[in-house]
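*Asks:* Following this message is one structure expressed as structure tokens.
The values are calculated or read from the model by the stated rules, or taken from the named source; none is laboratory data. Please read these numbers as outputs of a predicted model, since none were measured by experiment. Positions of Cβ are backbone-derived with ideal geometry, glycine not excepted, and every protein chain shown enters the neighbour counts. Ligands, DNA and RNA are excluded from the accessible area calculation, which covers all protein heavy atoms including side chains. Shrake-Rupley method; radii C 1.70, N 1.55, O 1.52, S 1.80 Å.
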Amino acid sequence: MEGKTREEVEKSGMIDTWLRKHRLIYTGATRHPLILSIRDGTVDLSAYKRWLGQDYIFVRAFVPFVASILIKAWKECNDATDMEVILSGMASLNDEIAWFKSEAPKWGVQLSDIVPQKANQDYCRFLESLMSTDVEYTVAITAFWAIEAVYQTSFALCLEDGSKTPTELRETCQRWGNDGFGQYCNSLKKIANRRLEKASDDVLSAAEVALLRVLELEVEFWNMSRGDA
């Protein structure tokens with residue numbers, strides 16, 4: 001574990017240990033040029049509209065993924081609070097889909113016409129792979145935390161004092177950057193860290209790979225939204 005004792009890792013949490021280890025890709029996912037352009041008010045709004053349509057498709061694929069984690073928690077976890085945290089996240093997805101449907105017309109985005117681009121297809125396939133019964137709950141909940149945390153960290157950046165986020169995008173940033181969503185992400189992180197503390201080396205390795213893959217896919221998704229190859 002990169003020279004750290006198991007006790008040292010447990011004290012700080014495995015996730016923070018991994019984020020330090022993979023800081024470059026984590027920074028790329030959470031401080032992407034698209035997010036920075038929103039924060040400093042220079043965003044190309046066509047990139048926002050592309051993101052809006054593609055993320056709607058992603059969220060629809062995200063729903064069965066979260067449902068699969070709820071089932072894994074039911075089967076593999078004795079702590080009832082896990083299911084409550086996951087269920088609260090799943091319940092909010094209905095509101096999230098409704099938000100996309102109300103936001104899209106403001107920008108002239110016809111959601112029924114959106115075709116998923118390659119980065120989106122890759123991400124949705126990854127979600128589907130995590131839904132397999134062969135994937136441990138610990139691995140899936142780690143990936144789930146990472147997906148949610150990247151958005152929370154990214155959009156919270158656009159709400160900081162001194163940011164020049166365009167007025168018409170502040171609601172979007174508030175949706176994922178607010179403190180309540182941050183607390184939810186922290187709850188997921190605590191669950192993941194608790195599971196990782198007791199995980200076998202094989203499960204730890206699989207969870208780290210899943211975390212890294214989420215970060216890579218997030219960067220690719222932001223790139224796609226900007227129109228980058």
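*Asks:* Where does each of 143-156, 169-182, 101-114 land if you order them by average Cβ count within 10 Å, highest first?
*Replies:* Numbers: 143-156: 22.8, 169-182: 16.2, 101-114: 11.9.
Descending packing order for the listed peptides: 143-156, 169-182, 101-114.
*Asks:* Taking only C-alpha pairs under 8 Å that are 6+ residues apart, what is the relative contact order of the chain in percent?
*Replies:* RCO, the chain: 35 percent.
*Asks:* Rank by packing, highest mean first: peptides 202-209, 89-96, with packing defined as the count of other Cβ atoms within 10 Å averaged across residues. Don't jump to the answer; show the numbers that get you there.
*Replies:* Numbers: 202-209: 16.9, 89-96: 14.1.
The peptides rank, most packed first, as 202-209, 89-96.
*Asks:* Can you give me the distance in nm between label points at E171 and W99, each placed 7 Å from the Cα along the Cα-to-Cβ direction?
*Replies:* 1.1 nm
*Asks:* Between the stretch 25-88 and the stretch 140-205, what's the alpha-carbon centroid distance in Å?
*Replies:* 8 Å
*Asks:* Related question: May I ask you to give the percent of accessible area on the chain that is carbon plus sulfur, with a probe radius of 1.4 Å?
*Replies:* Percent of accessible area from carbon and sulfur atoms in the chain: 51.
*Asks:* Kindly provide log₁₀ I(q)/I(0) values, in the same order as q = 0.11, 0.13, 0.15, 0.21 Å⁻¹, from the Debye equation applied to equal alpha-carbon scatterers of the stretch 16-130.
*Replies:* Listed by q, the Debye log ratios stand at -0.50, -0.70, -0.91, -1.27.
*Asks:* Report the charge-dipole magnitude of the stretch 103-229 in Debye, nearest 20, computed about the Cα centre from +1 at each Lys and Arg Cβ and -1 at each Asp and Glu Cβ.
*Replies:* It comes to approximately 240 debye.
*Asks:* Using θ = phi - 60° and the Karplus form 6.51 cos²θ - 1.76 cosθ + 1.60, what ³J(HN,Hα) does each residue of the stretch 152-165 get, whole Hz, x for Gly and Pro?
*Replies:* Values, residue by residue: 4, 5, 5, 6, 5, 4, 7, 10, 5, 4, x, 6, 10, 3 Hz.
*Asks:* Where in the stretch 179-221 is the amide nitrogen less than 20 Å from a point lying 7 Å along the Cα-to-Cβ axis of D44?
*Replies:* 218-221
*Asks:* Would you kindly state how much longer the chain becomes between K75 and N223 on full extension, computed as 0.36 nm times their sequence separation minus their alpha carbon distance, in nm to one decimal?
*Replies:* 49.6 nm
*Asks:* Going 7 Å from the Cα of S88 along its beta-carbon direction, which residues of the stretch 162-178 have the amide nitrogen within less than 18 Å of the resulting point?
*Replies:* 175-178
*Asks:* Then there is this: Just tell me which lysines come within less than 29 Å, Cα to Cα, of K101; anything on the same chain fewer than 8 places away is out.
*Replies:* Straight-line reach from K101, under 29 Å: K49, K118, K164.
*Asks:* What is the local net charge at A146, summed over the other residues whose Cβ is closer than 13 Å to its Cβ (Lys, Arg +1; Asp, Glu -1)?
*Replies:* On the way: positive: K189, R213; negative: D16, E148, E208, E216, E218.
In short, -3.
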